Amino acid sequence: MNYTTLNHSDIRISTLALGCFAFAGGQTWGDQDEQDTVRTIECALEHGITFFDTAEGYGAGYSEEVLGRVLAGKRDQVVIATKVSPQNLRPSDLEAACVASLERLQTDYIDLYQIHWPNHDVPLAESVGKLEELKAKGMIRTIGISNFGERDFGELLELSTPVINQLPYNLLFRVIEHDIIPLAEKHKVGILPYSPIMQGLLTGKFTSADDVPEGRARTRHFTGSRPKAQHGEAGFEAETFQAIRQLDELATRMGVALTHLALAWVLHQTPVTAVLVGARTIEQLEHNIQAANLKLPTDVLQELDAITAPLKEGLGTNPDMWNNVQNSRYR
């Protein structure tokens, strides 16, 4: 396992972080056995993963609760990141939300406390002021953001410098390269990508759009006529699965799994600090871990860029994977 530090801090983290969203189950992920969750977290620790990311909104606090139970007694060995939901960003609610997360996580402090989504009905300065107060009290160590588009990110940078902006980023969804990554690089803010294997598309197990479960076929890659899609766009199904086939062919030529190639590509990007893997079982986690030390030569990186560039351009500059630009939650 490789290690680095969170930007603007001395907090040392593993470059693979265990994302704990899928532990909550739900329509996107399906039922999740709690024993699988416990074993997966324990397996992560055994393999040197020290960075765990959750949120109060994952399963209405369940993800935090189960993570806290498993990590009890191991607090000095791990870095815990969680997120406050947008409805709790008013100063009067934010501290209570933090206290509730601390209780569920069975800890006295949160290493990285992130705004999960912006709330444009609450002045950002008020939320940031309260976060700085929580930091001064020792309840949180660093402040991060998640799902902040270029404008919101820029406004926040006028108030404070977050250590992380957590965003969707993978070979099939490179939208943040247009505007957000340049801003992050300018201010030395790390990117913490989620969905690095595009909700399973970059495992190679789906050969066509019709194979993908409804709960995952909601992104702008798919036609807006899919049952659970809300974006109303034509989608890019042909381009997406053509790219997947080409990526799979490249992985085969290299003698590596497509998943490993996809994860390694994200780890090679700047300013990526760490990558979230959302494994639900020991088997999935151990498979993902093999990508941590995969080095990609320049010619491979160039080929990966060429394969996915048409899809990148087609998806445009809207960083919302699920909504069209008019209804985008990003600004």
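The values are calculated or read from the model by the stated rules, or taken from the named source; none is laboratory data. Quick caveat: nothing in here was measured; it's all calculated off a predicted structure. Here the Cβ positions follow ideal geometry from the backbone for every residue, glycine too, while neighbour counts run over all protein chains shown. To get the accessible areas, we keep the full protein, side chains included, count just its heavy atoms, and leave off ligands, DNA and RNA. Shrake-Rupley method; radii C 1.70, N 1.55, O 1.52, S 1.80 Å.
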For this session: With everything on Cα atoms, drop me the angle between helix 258-267 and the longest principal axis of the chain, reported from 0 to 90° to the nearest 10.
Result: 50
Exercise. Excluding ligands, DNA and RNA, what is the solvent-accessible area per residue of region 248-331 at a probe of 1.4 Å, expressed in Å²?
Worked result: 45
For this session: Rank by packing, highest mean first: peptides 204-211, 55-62, with packing defined as the count of other Cβ atoms within 10 Å averaged across residues.
Result: 55-62, 204-211
Exercise. Can you pull the percent of region 205-331's accessible area that's carbon plus sulfur, 1.4 Å probe, other chains left in place?
Worked result: 47
For this session: State the Cα centre-to-centre distance between region 152-209 and region 102-123 in whole Å.
Result: 19
Exercise. By a straight-distance test (C-alpha under 25 Å), which lysines pair with residue 135 as possible cross-link partners, with residues fewer than eight away in the same chain excluded?
Worked result: 74, 83, 186, 188
For this session: Taking the chain as the reference, fit the longest principal axis to its C-alpha atoms, fit the long axis of helix 124-136 to the helix C-alpha atoms, and give the angle between the two in degrees, 0 to 90, nearest 10.
Result: 60
For this session: Tally up the carbon and sulfur contribution to the accessible surface of region 1-137 as a whole percent, 1.4 Å probe, everything protein left in place.
Result: 44
Exercise. Hey, got the dipole for the chain? About the Cα centre, +1 on K and R Cβ, -1 on D and E Cβ, debye to the nearest 20?
Worked result: 180
Problem set entry | Prolate/oblate/rounded label for region 159-317 (Cα gyration tensor, a/c 1.5) | rounded
Problem set entry | Global geometry of region 271-331, whether rounded, prolate or oblate, following the gyration tensor of its Cα atoms and the 1.5 cut on a/c | oblate
Exercise. Once both axes come from the Cα atoms, what is the angle between helix 34-46 and the longest principal axis of the chain, in degrees from 0 to 90, rounded to 10?
Worked result: 90
Seminar exercise, completed: Averaged per residue, the 1.4 Å probe accessible area of region 40-196, protein heavy atoms only, in Å², is roughly 35
Exercise. Between rounded, prolate and oblate, where does region 70-192 land on the alpha carbon gyration tensor, with a ≥ b ≥ c its root eigenvalues, rounded for a/c under 1.5, else prolate if a/b exceeds b/c?
Worked result: oblate
For this session: Within region 61-166, list the trypsin sites (Lys or Arg not before Pro) lying in a DSSP loop whose Cβ has at most 16 other Cβ atoms in a 10 Å radius.
Result: 74, 137
